[in-house]
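Working notes, beginning with the structure itself.
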Amino acid sequence: MNTTSEYNSLKSICQNRKSIRCFSNQLLTDDQITAIREITQTAPYASGKKNWELLVVTDQVIIRDLAGIVRNRSRELGEQVRSDFRDMFLEYSTHFAAFKSAPALFIPVFKVQPSLSLMLEGTDDGVGRWERDNYVKSISGVTMLVQLAAASLELGSCCMTGPLLAEEEIALRIGVKRGFEIGAVIPVGYRE
């Protein structure tokens, strides 16, 4: 095994990976989606519990619906933003729905499963937050693997958390299991 060659291949993938938000209308193949999913299964996870799943949305109607949900939520929030920041927020928030042209969305979801906090008597002294942070860190690994796998297949991607301002509505529309949270929305596809 030539570890230098493997390292250089990985380094090249990492260096060439770019976040993109505009995609061509070319669909992904089932093989590409499967390949990305397989790579994510190598992600480490907190507390020895694989408490995450990777949802994949390829239905273009649902993707457009999700973009509409995010735009509506951004407008609602914009009405609450101080007037001296409103225009800036509304302009910036247009990027939250940039996934609308993607042929596929990879959406890692996770469930916090308290363990140590259940063993404590009295207050948890921040242990509950620590437990949640562990699961968020685990899902971050999954998120990065989606993007690296996409790049290795010469696809573009972008890790988006702005859409999570509408997390509840997104979760309802795509059928996220009760008790699970969305870690990110990762559009994947061919560059425009």
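Would you tally the residues in the stretch 6-40 being hydroxyl-bearing (Ser, Thr, Tyr) and either modelled with pLDDT under 90 or over 18 Å from Leu148 (Cβ atoms) (or both)?
Looking only at that region, the number is 2.
When you look at Arg82, is it of a type outside the set (A, V, I, L, M, F, W, C) and surrounded by 16 or more Cβ atoms within 10 Å (Cβ to Cβ), yes or no?
No.
Consider the stretch 99-122. How many of its residues are modelled with pLDDT of 95 or more, among the aliphatic types (A, V, I, L, M) and either more than 18 Å from Thr161 (Cα to Cα) or not in a strand (DSSP E or B) (or both)?
1
Exactly one of these conditions fails for Pro44: (1) over 30 Å from Trp130 (Cβ atoms); (2) at pLDDT below 95. Give me its number.
Here Pro44 meets the rest and fails (1).
Restricting to the stretch 36-63, name every residue that is in a helix (DSSP H, G or I), over 22 Å from Val136 (Cβ atoms) and under 17 Å from the mean Cα position of the chain (by Cα).
As a first pass, look at the stretch 36-63 and keep what is in a helix (DSSP H, G or I): 36-40, 46-48, 60-63.
Add one more test, that the residue is over 22 Å from Val136 (Cβ atoms), and what stays is 38, 60-63.
Correct list: Glu38, Ile62, Ile63.
Show the residue pairs meeting these rules: Cβ distance below 8 Å; 6+ apart or different chains; first residue within the stretch 135-146 and over 12 Å from Ile186 (Cα atoms); second residue in a helix (DSSP H, G or I) and not β-branched (Val, Ile, Thr).
Pairs that qualify, where the first residue is over 12 Å from Ile186 (Cα atoms) and the partner is in a helix (DSSP H, G or I) and not β-branched (Val, Ile, Thr), are Tyr135/Ala46; Lys137/Ala46; Ser138/Ala46.
Looking only at the stretch 1-28, how many residues end up being assigned to a loop (DSSP other than H, G, I, E, B) and not β-branched (Val, Ile, Thr)?
Of the stretch 1-28, the ones assigned to a loop (DSSP other than H, G, I, E, B) are 1-2, 17-18, 20-22, 24-28.
Now narrow it down to the ones that are not β-branched (Val, Ile, Thr): 1-2, 17-18, 21-22, 24-28.
Of the residues in that region, 11 qualify.
How many of the residues in the stretch 161-190 are surrounded by fewer than 21 Cβ atoms within 10 Å (Cβ to Cβ) and either touching a residue at least 12 places away in the same chain (Cβ under 8 Å) or not in a loop (DSSP other than H, G, I, E, B) (or both)? First the steps, then the outcome.
So in the stretch 161-190, the residues surrounded by fewer than 21 Cβ atoms within 10 Å (Cβ to Cβ) come out as 161-162, 164-165, 167-169, 171-181, 190.
Checking the rest, the ones that are also either touching a residue at least 12 places away in the same chain (Cβ under 8 Å) or not in a loop (DSSP other than H, G, I, E, B) (or both) come to 161-162, 164-165, 167-169, 171-174, 176-177, 179-181, 190.
The number of residues fulfilling the criteria is 17.
Could you grab me the full set of residues in the stretch 145-169 that are out of contact with any helix residue (DSSP H, G or I) (no Cβ under 7 Å at 6 or more places or on another chain) and over 20 Å from Ala97 (Cα atoms)?
Glu154
The values are calculated or read from the model by the stated rules, or taken from the named source; none is laboratory data. Since the structure is predicted, the reported quantities are computational estimates derived from the model, not experimental observations. Glycine gets a Cβ as well: all are built from the backbone with ideal geometry, and neighbour counts include every protein chain shown.
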